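Accompanying notes for the structure given below.
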Amino acid sequence: MPGTTIRATSKFNTAELSFDDFKKIVIDDYRIGFESRQASLIGRREVLTGKAKFGIFGDGKEVAQLAMAKAFRAGDWRAGYYRDQTFMFATGMSNLKEFFAQLYANPDIEKDPASAGRQMNCHYATRFINADGSWVNQAETMNCSSDISTTGGHMPRLLGLAYASKLYRQNKELEYLEQFSVNGNEVAFGTIGNGSTSEGLFFETFNAAGVLQVPMAISVWDDAYAISVPAKLQTTKEDISEILKGFQREKETNGYEIFKVRGWDYIALCETYERAIALCREQHVPVLIHVVEMTQPQGHSTSGSHERYKTKDRLTWEDDHDCLLKMREWMIASAISTEAELDELETEAKKYVRECQREAASELLGVINTELDEAAKLIDELAYNVAAKDELLDISSALRSSYDAGRKDIIAAIRKTLRITTRENSAERQSLLNWFNAEMVKNDERFNSKLFTDTPQSPLNVPVVAAIYSDDARLLDGREVLNACFDINFDRDKSIVAFGEDVGAIGDVNQGFAGLQNKYGDLRITDTGIREATIIGQGMGLAMRGLRPIAEIQYLDYLIYAMTVLSDDIASLSYRTRGGQKAPLIIRTRGHRLEGIWHSGSPMGLILNSMRGFHICVPRNMTQAAGMYNTLLRGDEPALVIESLNGYRLKEKLPDNVGEFTVPLGKAEILRNGADVTVVSYGSTLRIVLEAAAELEKMDIHIEVIDPQTLYPFDTENVCGDSLKKTSKLLVIDEDVPGAASAYITQKIVETENGYYSLDAQPRTLTAKEHRPPYGSDGDYFSKPSIDDIIEAVYAMMNEANPAKYPAIF
Ligand SMILES: Cc1ncc(C[n+]2csc(CCOP(=O)(O)OP(=O)(O)O)c2C)c(N)n1
Ligand SMILES: [Mg+2]
């Protein structure tokens with residue numbers, strides 16, 4: 001039985017290395033590369049013969065990755081893409097059996113620790129959360145942040161992983177966090193395909209790292225194609241390192257060191273990586289290693305064949321420049337090995353990879369077959385006691401004879417059986433039902449769990465601490481309440497940092513951080529360039545490395561620039577690693593009720609539909625916001641806090657414990673009692689709703705006003721549903737377009753909270769118009785829900801219920 005291969009490639013770093021030692025290292029490297037190639041070849045065959053769904057492999061990229069692995073150390077990080085299997089094998093961060101387990105989508109974490117069968121093959125991750133929710137010692141492990149499939153989407157995260165090393169090196173107050181860094185000596189390694197460098201995220205990241213001077217090493221795997229599209233249509237001058245030459249650092253300037261090397265030249269690659277990474281690690285200079293003349297022996301993926309779009313000449317060139325072939329030729333020419341020795345090595349390697357593949361396949365099949373046998377037996381037992389015996393026996397025999405049955409086939413067979421036997425009430429049916437229910441719990445765990453990491457440190461477990469007010473509590477501007485909250489937290493927890501556009505010197509455009517840079521230094525309260533996607537990526541990387549970042553997006557409207565990082569990367573991180581990684585990033589922004597097409601600030605539907613995996617906080621004032629920050633800063637899950645833009649100068653009472661009191665997530669509050677209509681809204685709109693409530697009172701209409709406070713989670717105590725028991729009428733008010741957040745809130749109340757059963761009128765929503773609001777107060781009035789709109793919407797509901805008492809206005 002093949003053991004799991006944990007090998008770290010040895011480095012050529014000693015002057016005394018004998019030729020024999022050198023030979024051994026090279027031969028071992030070749031073996032790793034060759035095994036990796038075999039895995040690619042077998043993997044493709046498994047897909048094409050229907051045993052796995054999809055395959056994308058690292059063939060043609062092996063030799064450069066062997067060289068990169070030599071420069072990679074404990075404490076270092078990788079943020080890469082789907083071609084890096086050889087690197088993962090060479091560093092021991094993954095192995096062949098895990099490779100195949102992922103290819104077969106095995107949901108067992110032990111078998112596929114990277115994603116528990118949730119990600120396509122070659123999407124890697126190391127697990128860095130212990131069972132109790134604590135962090136592993138990242139300074140002692142090699143670390144791989146979880147891959148995503150979107151081309152270049154990982155670049156912003158890479159920036160953050162590198163930036164953490166800068167903070168750990170330069171901020172001496174962080175020395176106590178020794179499980180995350182040794183004096184910032186870690187390098188963040190990024191890999192990206194040549195085609196993907198066309199993405200904006202690549203350029204944004206590249207520039208930001210040059211400004212920040214962080215230990216980030218980007219390798220571009222250049223095989224001159226991006227699926228079928230050649231370099232000519234991707235990259236100016238067809239050469240990414242050529243066009244990035246302006247970033248080359250010079251005397252007295254910041255910038256990059258740029259290297260270019262051929263992907264089949266083993267020795268040049270080893271030398272380049274050693275030099276580049278030493279510089280990056282020691283001096284915190286970002287480096288670009290452009291690896292050219294790479295190939296794709298099997299084409300892009302199992303979805304198609306490259307013969308369709310590559311010329312005969314190109315295909316011949318690729319055959320001749322196959323990196324393993326070239327390495328082999330060089331090894332023989334330099335007397336490192338002989339043809340016969342390498343033949344033998346290759347034969348052994350093929351056998352070994354085959355064994356790994358077979359074991360991975362049979363491990364999954366074995367478990368599924370046991371479940372299948374149990375299910376089929378239970379169906380049989382039921383069949384002999386019911387009228388539909390033959391139909392049931394057909395189901396069990398189809399299940400037994402199905403080729404490569406999966407869990408879906410087993411569960412579908414049981415569900416069908418249960419449908420057929422609804423009128424039966426036997427012990428056998430109950431046994432089947434019990435088995436089904438138990439299996440569904442396991443399947444839920446396998447396929448649907450860990451949207452959040454749900455550790456004991458979850459913000460949902462943070463103790464509730466009420467705000468305390470002295471009799472002489474000061475009345476301050478809302479921004480000052482926030483400022484006081486941040487001040488105390490920065491003092492309490494040295495790992496908290498905040499950054500964003502205009503956050504540093506002026507303390508953000510609304511002064512929430514005013515004075516704090518002076519007090520805590522510019523490593524903790526920091527200005528950034530205008531680059532929302534990488535502000536979020538910067539926060540993500542820091543959060544993965546044990547810091548507590550607050551990343552600021554100046555206005556909510558600009559969150560859209562960062563949407564791919566938020567949605568594809570952070571929101572799915574816990575889910576796609578089945579709780580193996582977390583990024584407890586807090587995003588601070590402000591929105592609602594400003595005016596103008598790009599400052600109207602309520603793309604809430606967009607957020608709700610793309611950020612599951614975040615907590616979404618919509619505080620109605622700055623005190624509630626402060627309480628939410630206090631909760632989130634003590635928890636370990638990502639969150640978005642949308643402050644009310646027009647609330648910074650409104651007066652609020654300063655709690656005595658402004659840095660300690662907490663607002664629990666998911667706790668709705670009744671702001672005003674009333675028995676006629678339940679009105680649910682959030683954020684700044686609530687102020688208008690409360691004004692409308694006072695007007696309505698004069699008309700003898702009493703509305704109950706509820707603030708859910710957070711949209712994820714939403715009203716976990718059923719406050720809205722309970723209110724409907726009293727009012728039987730629901731109005732949801734929202735500033736986004738029709739069918740956006742208002743639809744979500746209505747669904748939650750009517751369906752999840754069973755509000756439907758209390759309603760005696762159609763539930764209604766009052767939203768903004770379908771277009772964005774124009775600039776100016778008139779534009780706001782005619783586009784967003786106004787006090788008049790609210791009064792009339794409530795009144796119309798009362799008119800419908802009792803026209804005699806509430807005659808129509810219009
Ligand atoms: C944002 C995004 N756009 C498009 C795709 C589809 N896609 C997947 S791989 C790929 C080509 C990538 O080429 P390159 O960066 O050169 O890497 P290579 O596969 O050649 O190693 C494309 C277009 C994607 N996954 N994500
Ligand atoms: Mg390419």
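What follows is calculated from the coordinates using simple rules that are stated; it is not laboratory data. Since this is a predicted model, take the numbers as computed values, not measurements. All Cβ positions, even for glycine, are placed from backbone atoms using ideal geometry, and neighbour counts span all protein chains on display.
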Output for region 18-86: trypsin sites (Lys or Arg not before Pro) sitting in coil per DSSP, at most 13 other Cβ within 10 Å, listed by number, reads 53
Over all viewing directions the Cα convex hull of region 84-235 casts an average projected area in nm² of 10.2 nm²
Return the FRET efficiency for the residue pair residue 609, residue 792: r is the Cβ-Cβ distance, R0 is 22 Å, and the value is rounded to the nearest 0.05. 0.15
Can you work out D for region 608-676 in µm² s⁻¹ from Stokes-Einstein, where Rh is the Kirkwood radius over C-alpha pairs, the temperature is 25 °C and the viscosity is 0.890 mPa s? 182 µm²/s
Rg and Dmax of region 74-138 over Cα atoms: what are they, in angstrom? 11.7, 33
Given an 8 Å cut-off on Cα distances and at least 6 residues of separation, report the relative contact order of region 542-623 as a percent. 37 percent
Cα principal axis extents for region 533-676, largest first, Å: 45, 38, 32
Mean Cβ count within 10 Å, highest first, over the residues of peptides 381-388, 729-736, 290-297: 729-736, 290-297, 381-388
Starting with the highest mean, order 456-463, 335-342 by the number of other Cβ atoms within 10 Å, averaged over the residues of each peptide. 456-463, 335-342
Would you please state the base-10 log of I(q)/I(0) at q = 0.09, 0.11, 0.20 1/Å for region 20-146, with intensities from the Debye formula using one equal scatterer on every alpha carbon? -0.26, -0.38, -1.13
Which value in nm describes the separation of the simple spin-label points at residue 315 and residue 362, placed 7 Å from the Cα toward the beta carbon? 3.7 nm
Computed lengthening from residue 424 to residue 132, 0.36 nm per intervening residue step minus Cα-Cα distance: 100.7 nm
Want the number for residue 347 to residue 725: 0.36 nm per residue separation, take away the alpha-carbon distance, what's left? 128.7 nm
Quick one: length gained pulling residue 274 to residue 445 fully straight, 0.36 nm per residue minus the C-alpha distance? 57.2 nm
Would you work out which of 546, 528, 513 lies farthest towards the positive end of the dipole of region 499-549? Charges go on Cβ: Lys and Arg +1, Asp and Glu -1. 546
Packing rank of 657-669, 780-792, where each peptide gets the mean count of other beta carbons within 10 Å, highest leading: 657-669, 780-792
Kirkwood Rh over Cα pairs of region 461-587 into Stokes-Einstein at 25 °C, 0.890 mPa s: D in µm²/s? 155 µm²/s
Could you state the angle between the C-alpha long axis of helix 339-383 and the longest principal axis of the C-alpha atoms of the chain, as a value from 0 to 90 degrees rounded to the nearest 10? 40 degrees
Site residue 150, offset 7 angstrom along Cα→Cβ, radius 12 Å on amide nitrogen, limited to region 536-559, gives 537
Please report, in whole Å³, the volume per residue of the convex hull around the C-alpha atoms of the chain. 201 Å³
When the Cα atoms of region 323-381 are enclosed in a convex hull and the volume is divided per residue, what value in Å³ results? 79 Å³
Alpha carbon centre of region 490-518 versus region 317-388: separation in Å? 53 Å
Let me know the charge dipole size of the chain about its Cα centre in debye, to the nearest 20, where only the beta-carbon of Lys, Arg (+1) and Asp, Glu (-1) is charged. 400 debye
Using a Förster distance of 51 Å, how high is the FRET efficiency between residue 251 and residue 769, based on the Cβ-Cβ distance and rounded to 0.05? 0.35
What does region 579-641 give for Rg and for Dmax, in Å, if only its C-alpha atoms count? 13.0, 42
What does the net charge come to around residue 667 if you take all other residues with beta carbon closer than 15 Å to its beta carbon, with K and R at +1 and D and E at -1? -4
Using the C-alpha atoms of region 761-810, what convex hull volume per residue, in cubic angstrom, is computed? 74 Å³
Semi-axes in Å, largest first, for region 329-469 (Cα gyration tensor, √(5λ)) are 46, 34, 9
